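Note sheet for the following structure.
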Amino acid sequence: MKDRRSGENVDFSGSGQMIEPSFSTAAAIVLLRHGETENDKDADGGAVLRGSRDDLLTAGGWRQMASSLSVFEHGEGNTRKQWRKIREEERNECEWDEIVSSPLLRCRLFAERYARQRGVPLRIDARLAEMHFGAWEGMSISALMQRDGEALARFWRDPEAHPPPEGEPLSRFFARVREAWEELAARCRERKTGEQVSGKTGQTTDVNGDSNPKTDEGAGKILVVTHGGPIRVILCLSEDAIVPERLTGADLLRHEVGHGSLHRLCRMSDGGWQMAVRVSGGCKGNPA
């Protein structure tokens with residue numbers, strides 16, 4: 001790895017672990033969490049709340065993301081035969097129509113490099129940034145427990161009523177991610193239908209870095225590079241049993257979203273969404 005910002009020497013092949021592979025469908029949204037970052041843990045190995053901090057990926061973080069995409073695209077190890085059966089049903093599974101990324105560097109730099117390599121349009125969407133933890137950003141959970149354990153406990157019990165000092169209210173975080181998800185879902189269409197889908201905000205940045213107004217053409221397969229928080233919100237929103245207005249912090253914590261993990265949502269015939277494939281990045285999830 002020569003330069004963490006450019007991602008040079010990253011091999012887009014590796015050894016993640018694919019979990020619960022399922023059927024193929026024409027319209028899909030794939031959620032990829034960033035890999036591990038610098039300043040990821042405190043001196044004692046405790047998880048750090050990063051939120052809107054713009055920390056860079058480590059060399060291992062680049063490899064985690066590349067590995068998950070490689071497993072998803074090609075299959076690895078004991079999953080290869082099972083995955084080949086799925087691949088035979090749809091040969092163009094990984095011909096992305098669009099890549100969408102959080103603006104934070106731990107997502108954006110990887111997305112930019114991957115988009116250039118694949119020749120796919122890239123769009124940056126600020127609504128997919130991680131939740132802002134205010135005065136708690138950059139602090140470890142263990143340090144917060146020692147410094148203000150009561151405030152942290154109140155936050156875990158009811159994050160909407162007790163947000164971090166100067167932090168983003170949970171309802172505002174949910175609302176922006178939900179808006180981004182609903183737009184992504186509306187844009188995700190089979191190309192052959194010819195449906196025209198209008199986006200509300202944002203621009204598409206091509207692989208040369210030139211900005212052009214976002215087109216209205218629907219995208220059949222979208223790769224979204226984002227964070228643990230937004231991915232958990234989207235996974236909850238894709239479940240019919242979840243009422244968006246009643247989404248809680250406890251709902252989010254039901255989903256394991258490790259560093260570099262990949263989650264493929266398929267569009268069902270009834271218009272709903274179902275997670276069909278999850279690829280582990282080989283690392284347990286962190287708070288942000």
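The values are calculated or read from the model by the stated rules, or taken from the named source; none is laboratory data. A quick note: this is a predicted structure, and the numbers were derived from the prediction, not measured. Glycine gets a Cβ as well: all are built from the backbone with ideal geometry, and neighbour counts include every protein chain shown.
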Quiz item: Which residue pairs have Cβ atoms under 9 Å apart, sit 6 or more places apart or on different chains, and have a first residue in segment 97-110 that is touching a residue at least 60 places away in the same chain (Cβ under 8 Å) and a second that is of a type in the set (F, W, Y)?
Solution: I99/Y114; S101/F110; L109/W62; F110/W62
Quiz item: Just one of G61, G45, G75 is in contact with a helix residue (DSSP H, G or I) (Cβ under 8 Å, 6 or more places away or on another chain), modelled with pLDDT under 70 and not acidic (D, E); which is it?
Solution: G75
Quiz item: Looking at T248, is it under 23 Å from F173 (Cα atoms), among the hydroxyl-bearing types (S, T, Y) and at pLDDT below 90?
Solution: yes
Quiz item: Taking the stated definitions as given, is R232 among the charged types (D, E, K, R), crowded, with 19+ Cβ neighbours inside 10 Å and either at pLDDT 60 or above or part of a helix (DSSP H, G or I) (or both)?
Solution: yes
Self-check item: Looking only at segment 254-288, and only at residues there that are touching a Phe, Trp or Tyr at 6+ places or on another chain (Cβ under 9 Å) and of a type in the set (A, V, I, L, M, F, W, C), the one that is modelled with the highest pLDDT
Solution: L262
Exercise. Test each condition in (1) touching a strand residue (DSSP E or B) at 6+ places or on another chain (Cβ under 6 Å); (2) assigned to a loop (DSSP other than H, G, I, E, B) for P159 and report the one that comes out false.
Key: (1)
Quiz item: Pick from segment 153-167 the residues that are crowded, with 19+ Cβ neighbours inside 10 Å and at pLDDT 90 or above: which of them is nearest to the chain's Cα centre (by Cα)?
Solution: G167
Quiz item: Looking at segment 197-211, is at least one residue among the hydrophobic types (A, V, I, L, M, F, W, C) and at pLDDT below 70?
Solution: yes
Quiz item: Looking at A175, A180, A143, which is the one that is aliphatic (A, V, I, L, M), in contact (Cβ under 8 Å) with a residue 40 or more places away in the chain, under 21 Å from L31 (Cβ atoms) and not in a loop (DSSP other than H, G, I, E, B)?
Solution: A180
Quiz item: Can you name the residue in segment 117-134 that is modelled with pLDDT of 95 or more and part of a helix (DSSP H, G or I) and, of all such residues, is surrounded by the most Cβ atoms within 10 Å (Cβ to Cβ)?
Solution: L128
Self-check item: Residue that is modelled with the highest pLDDT, among those in segment 235-245 that are farther than 14 Å from L170 by Cβ and among the acidic types (D, E)
Solution: E239
